[in-house]
Amino acid sequence: MSDTPGISRRALLLGTGGVVAAAAVAAVGTAVTQGGPTTSTTTDRAPGVRATGRTQAGVARPATPQRQALHAVLRLGGGADPGPDLRSGLAAAGATILRLVSGPSDELPDGPGDLTIHVGLGPGPLAAIDPTLPAATAMPRFAGDDGIPAGRDDGDVLVALASSDGTALRPALDAVVASLPGATTLWAEHGFRGPGQGTIARNPLGYHDGIIVPEGDDELDENVWLAHGPLAGATVCVLRRLRLDRTRFAALAEGERDRVIGRHADGRPLSGGGPTAEVDLQAKTPEGAYLTPARSHARAAHPSFTGSALMLRRGYAFDRGPLADGTADAGLLFVCFAHDLETFVRTQLRLDETDDLMPFTTPTASGSFLVLPGFDAAHPLGHQLWA
Amino acid sequence: MLSRPLTALLAACALVAVLATTACGGSGGDRSLVHVPGDVATITKAVDRVAPGGTVLIAPGVYDEQVVVGKRDVTIRGEDRDAVVVDGGGRRPYGVVATADGVRIENLTVRRTTFYGVLVTGLHDENGPSAHDGQGYTHLDPDKFPPVQRFSIDHVTATDNGLYGIYAFDANHGVIRDSYASGSADSGFYVGQCRSCDILVQGNVAERNAVGFENANASDSVVIVGNRFSGNRVGMTLISNYQEAFTPQRANTVVGNLVSDNQQADTPEQATGGWGIGLGISGGQDNVLLRNRITGNVRAGVLLANTEDLAATGNTFTDDVLTGNGVAVANVSAARAPASGNCVTPAAAPTLPADLLADCHGTQPTGTLPAVDVPAGTSFLEVAAPPAQPSMPDPGERGPLPATVTMPDLDTIPVPAADLLADLAGTAQGSS
Ligand code: HEM
């Protein structure tokens, strides 16, 4: 994450990094048609993303998240013991995913492009299989969770789809859901991201987000993937649909906004350094005030205070238009991955106590899921749960 | 990749290496006594010359350098405590740093560093100490950097240092004695990150600091006796901190200290707004407090809080004087880590909430301290100079520091007078 001259991540984002950067931006641009109708040839579609392997696609690959996503949270059909049905259902869903991403299909006549689909299980089915499984315990209630409508915080299955082509998401989701007998959709959210390279893009508040995340195989192994046992290659995903009071945030003076985040909008830490520099938690003014303010989000969320793993954050903006009171039902679908549930839980509890950003957020849906290890034709999705 | 930079600008030895390539090595040098500036112009050169077990004796003067002592059993000694000054100039990170076993630092003043005046630590590499490098995505690994053994800091004045005045972490079997610290934007004295520390903190004065004395994650056999932690924003803290190794903090012995009037405005601010607090315990456990005088702190004499999921539990107060504080004891712990088993004998009042100590054996109720307006901070470089401090008597011939610290007989230590060490404290002399 050093600011390598010429091709820093910032340069790529802003397209100011000279020839190399300009070329990279252009390459990204081909996968994203701006406003106009998508063409029906397969030749200009984004390159495919490998679906099989140790881990599922769409968590850490592609390294730059696709700009459109659909997250769907399902309730499984009845039955006290989800075992046999769930096992065959997951296998069928995995087979559907492999079919969808392997070439043109009924659902996706132009082929899959860069579509990725991953599947996770919530605490209900996990506990029914084995209460000692990772993420088999539901999260505690966080500040504001009492306002989450019924059915939006206790899902059984997560199906997360992402693609450069937003129109590919719904047909693919329907096909996956149809392979899980009796499953119904509790809630689903279409999300979108601004342009960026790697996980960095502007979030709905206009700030570069996704700067400090694990990168490269070593850091992903250390922080994101379960390392051992049959579930190696799984990860714990937390979804939080956070409505944002963007209007109130935007009404703050620029300096005040920066102090809430702990960085300038382009990512530069208030403690100094370039747009991808880490925040300095110790640095102070001569008068003793923290340069990364005491109640800023960047300080509050920093994993060192909770002794947590560094989470991989790949959130998406959402916008559903006005609520009854005229304010926008818009914000951030926060999506993170870590090797345990505690990383999110401990961090959120701390944010509830010390983060000046939280008063601008309202949780409207929530869920935790064990994203299952990778699969392929010979090793069906989810089979490791019964290993 | 995360860059995890050595943010602390720890080029101490690199800097030194330009002058003398062996300065940071563990050997080289054959002199049992080196005079500065009589034999060599700088303390750093003297450390290079001196043999392990030898002494560097420094004559009065202002020394614009930072010194790393990486040689075993070396004594760094000033001839006159107030007149031998290692000056960081408001830009060098360190004053005197000991990274070898058995180092004594005594009878001198260290001022105006941006990080630490005096530091003793086992965490270092060929570039010098690496306290707080990176930002906690990684941790001190005690197996890789075993604690430094045996140290003594005696009659040292540390004033106007950016973070800490006198600091020991990843260090065992040491004494910090009869020293003085003021003007620190973090804390005057800081003992951290050790287990079975065997560290004695005795007879020191901390004033005009954001926090007078801080302990983060230093546990068992840390004995804090007869100190004056008065006239700071917060007198002293015992805290657990996940940013450093060895959580939770536990089992210190705190006897006969004066912790009073900690709402001093002409200091750097405490970065999280601390003000008017005598002793703060955050996630600290099983600490034993005997016969301390904790008085005149406008918000709370003792404040109990959690550190994340680590609760303040099992701390006992016996025969302390807890009077004239906003409240004697307050508990502001979050529901996720409730305080429990914190007992005060005889019972102190008032408390927050009022029934805090009704049953000290179980989980204890929580309240909220009223908000206060905290005055703006003063630059650490502009905090009032300390009053004259006494020099250390000539110690005569001494062998190396012993393997373990001889602890005082705690039974003989009474509740201190309200003017304990007042003659050494500017804030006690009407100059506040
Ligand atoms: C709507 C809500 C949120 C917004 C707008 C937001 C925005 C940001 C921004 C702008 C940054 C700084 C840039 C970066 O390092 O990526 C950041 C950092 C971070 N955020 Fe959030 N965030 C939100 C919610 C959350 C939540 C709910 C969590 C976890 C519980 C979280 C965890 C983190 C972490 C771990 C960092 C990196 C801290 C570091 O190591 O420097 N954020 N966020």
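The values are calculated or read from the model by the stated rules, or taken from the named source; none is laboratory data. Predicted model, so just to flag it, every value in this text is computed and none were measured. Because the Cβ atoms are built from the backbone with ideal geometry, glycine has one as well, and the counts that use them run over all protein chains shown. For the accessible areas, the whole protein counts, side chains as well, though only heavy atoms, and no ligand, DNA or RNA atoms are used. Shrake-Rupley method; radii C 1.70, N 1.55, O 1.52, S 1.80 Å.
Quick notes
- Search result, residues across region B:175-218 that are open to solvent by 10 Å² or more (accessible area, probe 1.4 Å) and of a type in the set (F, W, Y): none
- All of B:S152, B:S240, B:S196, B:S230 fail the test of being within 21 Å of B:S391 (Cβ to Cβ) and either in contact (Cβ under 8 Å) with a residue 24 or more places away in the chain or in contact with a strand residue (DSSP E or B) (Cβ under 6 Å, 6 or more places away or on another chain) (or both), apart from B:S152.
- In region A:221-232, the residues that are out of contact with any Asp or Glu (no Cβ under 9 Å at 6 or more places or on another chain), surrounded by fewer than 20 Cβ atoms within 10 Å (Cβ to Cβ) and touching a residue at least 40 places away in the same chain (Cβ under 8 Å): A:E222, A:P230, A:L231, A:A232
- Failed item, numbered, when A:R54 is tested on (1) over 13 Å from A:V371 (Cβ atoms); (2) open to solvent by 40 Å² or more (accessible area, probe 1.4 Å); (3) in contact with a Gly (Cβ under 8 Å, 6 or more places away or on another chain): (1)
- Test: residue in region A:31-50 that is away from every other protein chain (no Cβ under 14 Å), open to solvent by 10 Å² or more (accessible area, probe 1.4 Å), out of contact with any Asp or Glu (no Cβ under 7 Å at 6 or more places or on another chain) and modelled with pLDDT of 75 or more: yes
- Unique residue being within 13 Å of the ligand (Cβ to nearest atom), surrounded by fewer than 20 Cβ atoms within 10 Å (Cβ to Cβ) and either farther than 27 Å from A:H71 by Cα or not small (G, A, S) (or both) when the list is A:R241, A:R259: A:R259
- A count restricted to region A:273-292 and to residues that are part of a loop (DSSP other than H, G, I, E, B) and either more than 14 Å from the ligand (Cβ to nearest atom) or more than 26 Å from the chain's Cα centre (by Cα) (or both) stands at 9.
- A:R346 vs. criteria away from the ligand (no atom under 12 Å from the Cβ), within 12 Å of another protein chain (Cβ to nearest Cβ) and of a type in the set (K, R): no
- Some residue of region A:355-367 being within 14 Å of chain B (Cβ to nearest Cβ) and touching a residue at least 12 places away in the same chain (Cβ under 8 Å): yes
- Meets criteria (open to solvent by less than 10 Å² (accessible area, probe 1.4 Å) and away from the ligand (no atom under 14 Å from the Cβ)) for A:A188: no
- Identification of strands (runs of 3 or more DSSP E) wholly contained in region B:276-338 with 3 or more residues that are within 24 Å of the chain's Cα centre (by Cα) and under 21 Å from B:N241 (Cα atoms) yields B:277-282, B:300-305.
- Boolean, A:D217 is closer than 26 Å to A:T55 by Cβ and either open to solvent by 20 Å² or more (accessible area, probe 1.4 Å) or in contact with a Phe, Trp or Tyr (Cβ under 6 Å, 6 or more places away or on another chain) (or both): yes
- Matching residues, region A:132-185, being open to solvent by 60 Å² or more (accessible area, probe 1.4 Å), modelled with pLDDT of 95 or more and under 24 Å from A:Q384 (Cβ atoms): A:T132, A:T137, A:A138, A:A178
- Condition broken by A:L108, with the remaining ones in (1) open to solvent by less than 50 Å² (accessible area, probe 1.4 Å); (2) under 21 Å from A:A232 (Cβ atoms); (3) part of a loop (DSSP other than H, G, I, E, B); (4) not hydroxyl-bearing (S, T, Y) satisfied: (2)
- Flag if A:L270 is surrounded by 15 or more Cβ atoms within 10 Å (Cβ to Cβ), without any contact (Cβ under 8 Å) to a residue 60 or more places away in the chain and either within 26 Å of B:A185 (Cβ to Cβ) or within 10 Å of the ligand (Cβ to nearest atom) (or both): yes
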